[in-house]
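A.B. asks: Submitted below is the structure of interest, expressed as structure tokens.
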Amino acid sequence: MAVQKASWTKINDKVCCTCEYWNGERELQFLAGTRLNAILAQYNPQGRCSAKMNCLMSYSNPGAAYCPTYKRWHKLP
Ligand code: SF4
């Protein structure tokens, strides 16, 4: 089954898909080739957290705001 991706536009929010340790498939989406618009992030099947024993973590997990190991994804500005 192909991986399904969702568009996450709140790139400054602390959620798992903006964190370095989230291992789901994701890519940056630019509008008109210039402005960063969103992260296209895997949601089905869910990605996992490589900092937490590879546990399943939703791309939009709001618990990331309180996660002690959160680290902003290096590809984000
Ligand atoms: S659980 Fe924490 S360390 Fe893991 S991906 Fe989410 S925010 Fe990052």
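A.B. asks: If I go through the range 49-67 residue by residue, how many of them are more than 17 Å from Trp8 (Cα to Cα) and either near the ligand (Cβ under 8 Å from one of its atoms) or in contact (Cβ under 8 Å) with a residue 12 or more places away in the chain (or both)?
C.D. replies: 7
A.B. asks: Further question: Here is a check on your reading of the model: is Tyr70 surrounded by 15 or more Cβ atoms within 10 Å (Cβ to Cβ) and of a type outside the set (A, V, I, L, M)?
C.D. replies: It is true that Tyr70 is surrounded by 15 or more Cβ atoms within 10 Å (Cβ to Cβ) and of a type outside the set (A, V, I, L, M).
A.B. asks: Tell me, please, whether a residue that is buried (at least 17 other Cβ atoms within 10 Å of the Cβ) and either modelled with pLDDT under 95 or within 8 Å of the ligand (Cβ to nearest atom) (or both) can be found in the range 20-42.
C.D. replies: Yes; the residues of the range 20-42 include at least one that is buried (at least 17 other Cβ atoms within 10 Å of the Cβ) and either modelled with pLDDT under 95 or within 8 Å of the ligand (Cβ to nearest atom) (or both).
A.B. asks: Being within 21 Å of Glu27 (Cβ to Cβ) and more than 11 Å from the chain's Cα centre (by Cα) is the filter here, so list the residues in the range 55-74 that pass it.
C.D. replies: The answer is Leu56, Tyr70, Lys71, His74.
The values are calculated or read from the model by the stated rules, or taken from the named source; none is laboratory data. Only a predicted model underlies this, so the values are computations on that prediction, with no experimental measurement involved. Here the Cβ is made from the backbone with ideal geometry for all residues, glycine too, and neighbour counts use every protein chain on show.
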